[in-house]
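The values are calculated or read from the model by the stated rules, or taken from the named source; none is laboratory data. Everything numeric here is computed off the predicted structure, so don't read it as measured data. When we count neighbours, we look across all protein chains shown, and the Cβ atoms used for this are built from the backbone with ideal geometry, even at glycine.
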Amino acid sequence: MTSSGFATARSPTTRSSSPPTSPRWPGEHTMMTITDVGFSSGGVRCAAWHYQSDSNDLSRNGLRPCVVMAHGFGGTRDTGLREFADGFAAVGVDAFVFDYRTFGASEGSPRQVVSYRMQRADYRAAVDAARRLRGVDPERIALWGTSYSGGHVIDVAARDPRIAAVIGLVPAPDGLAAVAQIARYAGPLALLRLVGHGLLDAATIATRRAPHRIPLAAAPGDTAIISTPGALDGYVAIAGDTWRNEVCARTALEVAMNRPIMSARRVRCPMLVQVGTVDRVAPPAAARATARRAGGPATVVEYPVDHFDVYSGEWQVKATDDAVQFLRRVL
């Protein structure tokens, strides 16, 4: 294991991580206030939770740092994000956890549209809203993303030099690599089927018909955006009340175009990239490459886990613990 700390953009610090015997953040002993709030993105109301920490450990001039958070592909804020927000609030970092337009408790139609451009815009609107929250330091806003949103936060930070830190948990920063991963596990015919479904859904836009939706996750061999081994069980295990196992199929046409890795050089703030070494959804090599390209100090922490292992149990605790320690250093 290498020492912790930061290196140059060309040589990110890399270390492996083991599961903890107990977390270093005493979340169960820390009080916090959780408030339902809303903000506008593209003229649509988005729903969010503001986790207001009662700890002043990281306060400056009475203002606390804040992490803006959203889920990955097809995820909602009630699908495994609460535990991460709890961990941040426990050490004095507020959390602003939101649903994208057309998902969860947010408004917008048609429902279940995964658009990386729209979701990045939602992140930017959420950052603006978080900067206006009472008690939040507008100059210490960090971004947290996982899976698909682990790529969103890179692009958002690249366009906003005021962002103080970026965390990507099992991120998917390169759509081309993700498509290659799909082909590896599902085969090229599965890709062709997804494109066909995407074209069918795209046609409904012009004809004003109801959208054509397909499953977000399914067992290997079945049609879905993600059908790698364990994906369906992984989603179901963390699913909240608002999660739905379907998305508008048009998203299959744009995944390969979503390449926030190309923006990494413009990210100047500290970056933490948390990689699952046997991730079958988000290619680990793409995450490592993003850290190497980063324009500021980058740290890579690797876990011997698959994609969904970081959302519950000991590895969720460890991933949160590592993120907490990172934020304590850089905020």
Taking the options 238, 182, 205, 214, name whichever one is of a type in the set (Val, Ile, Thr) and in contact with a His (Cβ under 6 Å, 6 or more places away or on another chain).
214
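Pick out, from region 36-114, the strands (runs of 3 or more DSSP E) lying fully within it that include 3 or more residues that are touching a Gly at 6+ places or on another chain (Cβ under 8 Å), buried (at least 24 other Cβ atoms within 10 Å of the Cβ) and acidic (Asp, Glu).
Numbers: elements: 44-53, 64-70, 94-98.
Correct list: empty, since no element meets the threshold.
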Determine if region 255-276 includes at least one residue that is within 15 Å of residue 73 (Cα to Cα) and either of a type in the set (Ser, Thr, Tyr) or touching a strand residue (DSSP E or B) at 6+ places or on another chain (Cβ under 9 Å) (or both).
no
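Just name the residue that is surrounded by the most Cβ atoms within 10 Å (Cβ to Cβ) out of those in region 147-161 that are in a loop (DSSP other than H, G, I, E, B) and out of contact with any Gly (no Cβ under 6 Å at 6 or more places or on another chain).
Looking only at region 147-161, we keep the residues that are in a loop (DSSP other than H, G, I, E, B), and these are 147, 160-161.
Subset that is out of contact with any Gly (no Cβ under 6 Å at 6 or more places or on another chain): 160-161.
Values: 160: 16, 161: 10.
Once the filter is applied, the top-ranked residue is 160.
Does region 238-248 include one or more residues that are within 24 Å of the chain's Cα centre (by Cα), among the basic types (Lys, Arg) and not in a loop (DSSP other than H, G, I, E, B)? Don't jump to the end; show me each part of the working.
Of the residues in region 238-248, the ones within 24 Å of the chain's Cα centre (by Cα) are 238-248.
Next cut, among the basic types (Lys, Arg) only: 244.
The next check asks that each one be not in a loop (DSSP other than H, G, I, E, B); those that pass are none.
The answer is no; no qualifying residue exists.
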Can you give me the number of residues within region 162-190 that are assigned to a helix (DSSP H, G or I) and within 19 Å of residue 113 (Cα to Cα)?
3
The residue from 270, 304, 284 that alone is within 17 Å of the chain's Cα centre (by Cα), closer than 26 Å to residue 176 by Cβ and not charged (D, E, K, R) is 284
Output the residues belonging to region 115-146 that are assigned to a helix (DSSP H, G or I), in contact (Cβ under 8 Å) with a residue 60 or more places away in the chain and among the aliphatic types (A, V, I, L, M).
118, 121, 125, 126, 129, 130
Residues of region 293-324 being part of a helix (DSSP H, G or I), touching a Ser or Thr at 6+ places or on another chain (Cβ under 8 Å) and over 25 Å from residue 259 (Cβ atoms), which ones?
318, 322
If residue 220 satisfies all but one of (1) outside any helix (DSSP H, G or I); (2) farther than 30 Å from residue 325 by Cβ; (3) modelled with pLDDT of 95 or more, what's the number of the condition it fails?
(3)
So, residue 87, is that one more than 28 Å from residue 259 (Cβ to Cβ) and either at pLDDT below 95 or hydroxyl-bearing (Ser, Thr, Tyr) (or both) or not?
no
Failed criterion for residue 136 (all others in (1) touching a Pro at 6+ places or on another chain (Cβ under 8 Å); (2) within 29 Å of residue 218 (Cβ to Cβ) hold):
(2)
Output for region 180-232, where each listed residue is surrounded by fewer than 17 Cβ atoms within 10 Å (Cβ to Cβ), touching a residue at least 60 places away in the same chain (Cβ under 8 Å) and either of a type in the set (A, V, I, L, M, F, W, C) or closer than 20 Å to residue 243 by Cβ (or both)
180, 210
For region 277-292: of the residues being in a loop (DSSP other than H, G, I, E, B) and touching a strand residue (DSSP E or B) at 6+ places or on another chain (Cβ under 8 Å), which is surrounded by the most Cβ atoms within 10 Å (Cβ to Cβ)?
282
